[in-house]
Amino acid sequence: MNQLISDQGINFILAVLNGAFLGVLYDGIRLFRRIIKHAPWVISIEDFCFWAVGSVIIFIDIYNNNHGIIRGFLYAGVVIGLLLYYLTLSSFIIEYVLKIYEVVKNILYKLFRIIVIPFNIILKPIVFLLKKANYFLKKIFKWLIIRVKRILKEIKFMIKKI
């Protein structure tokens, strides 16, 4: 009997750890939502997928550790693990991961700007010349259209006289 109670205690602790793990997974989804804005219907799909995956994780844990016997204390352990995680670590993890994300984003932005500067130096004169060439080509094209229209008008006039 003593072995059974210790096995159930271990199963309860594993359920608490599963709850904390599910909390970490959901924080990952929350971080993803803060970094990339989502439509409400996408959030609903993400939540549904999270709970489907969470259910499978809990089922596998119960099946492997408790021979598939569903006990109320296991679900209580999952809830306790989720609550402990959210009340203790969740806000710190989200805050620091977002800070790390901002630092990495700023570093990558600055590196991108450093990499782009030589291309800007090279491309500015080329773009300037292309704009000037475009301007002159438009003028020449307009002049050609006017000339072709005049010639066509004269040809029409000559054909009418014949």
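Values quoted throughout were computed directly from the atomic coordinates according to the rules given, and no laboratory measurement underlies them. Bear in mind that the values here come from a model prediction, so they are computed numbers and not experimental data.
Its relative contact order, with pairs defined as Cα atoms under 8 Å and 6+ residues apart, puts the chain at 33 percent.
With Rh defined as the Kirkwood radius, the inverse of the mean 1/r over Cα pairs, the Rg/Rh of region 2-88 is 1.07. Note on the chain: helix-only mean residue ellipticity at 222 nm, from DSSP H runs of 4+ residues weighted -39500 (n - 2.57) and normalised by residue number, equals -34000 deg cm²/dmol. Comparing 39, 133, 15 in a Gaussian network model of the chain where C-alpha atoms under 10 Å apart are linked, the largest mean-square fluctuation is found at 133. Summarising the amide proton neighbourhood of residue 38: residues at separation of 5 or more, or on other chains, whose placed amide H is nearer than 5 Å comprise an empty set. How high is the relative contact order of region 2-88, in percent, counting Cα pairs under 8 Å that sit 6 or more residues apart? Value for region 2-88: 60 percent.
Overall, the ratio between the Cα radius of gyration of region 36-126 and 2.2 N^0.38 Å, rounded to two decimals, is 1.88. Rounded to the nearest 10 degrees, the angle from helix 90-161 to the longest Cα principal axis of the chain is 20 degrees. Once Rg and the Kirkwood radius are both taken over the C-alpha atoms of the chain, their ratio Rg/Rh works out to 1.53.
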